[in-house]
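See below for the structure under consideration.
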Amino acid sequence: MGFHDLDLNEQLLIARRGTAYFAQRLAELTDEQLHEPTGLAGWSRRHLLAHVGYNAAALCRLLDWAATGIETPMYASPEQRGREIGEGATLSAAALRNLFDHTVARLDEKWRHLPAAAWEAQVRTAQGRLVPVSETAWMRTREVWIHAVDLGNGGRFGDFPDVVLDSLLADIVGMWRRKDLGAGLVLAVDGGEPVAVQPESPPTEKVSGPLAAVVRWAAGRGAVGVSAAGVSAGGEIPEPPHWL
């Protein structure tokens, strides 16, 4: 069963659990530690925290769109999004923490008060996809669980619910297929059937391991706990195709 097979209330519960997990990791960091770099190119923890806060605000705009029928994009443009994060990273540590708390509370309030009839209203993501506004539950789930790991102070993919891991892997493989990436790559999760990223391509390399480790690798967060075999791999763990 994947995330989208769950009842909406269960989906929102997992998103809230992810928010709490992120908040716990954040609370363990001192203000000074927010200046330190993350594994995301060019981003400090301050950039990451600004991004997670402004992401919640952007999802609020989609919920407003669904509630009112008035088109309200997540961001005015990719440039505006990048500028917002860059400027947000210059805020004081107290202001950044407040941004996170405030936008989390606002998003949760909009989820709780959206009329039942509006949950299937079509809205557009930052990538241009038309989706029902209920997709915001998955969009936020993905953000908070993964970025809790990106804070770099103890978050682990192994802490994610299995349904989140399964759905992340399906999301990533689906994106690779849409972008025609990963030819010859096979993913083998322990206890499951191997999955060819591009089924029409002859297999050339296989990445294997426990579910959490394979998802971590596929998401570009490091090759810990996975192994590789095949002509292309040569025994070394390959870099995953770009995802987002």
For the range 62-89, enumerate the residues that are of a type in the set (Val, Ile, Thr) and either touching a Lys or Arg at 6+ places or on another chain (Cβ under 6 Å) or in a helix (DSSP H, G or I) (or both). Thr68, Thr72, Ile85
So Ser167 fits all but one of (1) under 24 Å from Arg81 (Cα atoms); (2) touching a Phe, Trp or Tyr at 6+ places or on another chain (Cβ under 7 Å); (3) in the same structural domain as Asp190 (by TED's automatic domain parsing); what number is the exception? (1)
Determine which single condition Trp176 fails, assuming it passes every other condition in (1) free of Cβ contacts under 8 Å to residues at least 60 places away in the same chain; (2) in contact with a helix residue (DSSP H, G or I) (Cβ under 9 Å, 6 or more places away or on another chain). (1)
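Could you list all residues from the range 77-126 that are among the aromatic types (Phe, Trp, Tyr) and within 17 Å of Leu48 (Cβ to Cβ)? Talk me through it step by step, then tell me what you get.
Our first condition is that a residue be among the aromatic types (Phe, Trp, Tyr); within the range 77-126, this holds for 100, 111, 119.
Within the range 77-126, Phe100 is the sole residue that qualifies.
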Looking only at the range 197-219, which residues are under 13 Å from Ile172 (Cβ atoms) and either among the hydrophobic types (A, V, I, L, M, F, W, C) or modelled with pLDDT under 95 (or both)? Val197, Val207, Leu211, Val214, Val215, Trp217, Ala218, Ala219
Can you tell which of Leu165, Leu107, Leu181 is of a type outside the set (Asp, Glu) and under 15 Å from the mean Cα position of the chain (by Cα)? Leu165
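So in the range 122-171, with the set limited to residues that are charged (D, E, K, R) and touching a residue at least 40 places away in the same chain (Cβ under 8 Å), which one is farthest from Glu36 (Cα to Cα)?
Keep residues of the range 122-171 that are charged (D, E, K, R), which gives 124, 129, 135, 140, 142-143, 150, 156, 159, 162, 166, 171.
Next cut, touching a residue at least 40 places away in the same chain (Cβ under 8 Å) only: 124, 140, 143, 150, 156, 159, 162, 166.
On the way: Arg124: 34, Arg140: 24, Glu143: 20, Asp150: 12, Arg156: 19, Asp159: 23, Asp162: 30, Asp166: 31 Å.
My answer is Arg124.
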Of the residues in the range 43-90 that are modelled with pLDDT under 95 and within 18 Å of the chain's Cα centre (by Cα), the one that is nearest to Glu109 (Cα to Cα) is Met74
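The values are calculated or read from the model by the stated rules, or taken from the named source; none is laboratory data. Predicted model only: the values in this text are computed from it and were never measured. Cβ atoms come from the backbone with ideal geometry, glycine included; neighbour counts cover every protein chain shown.
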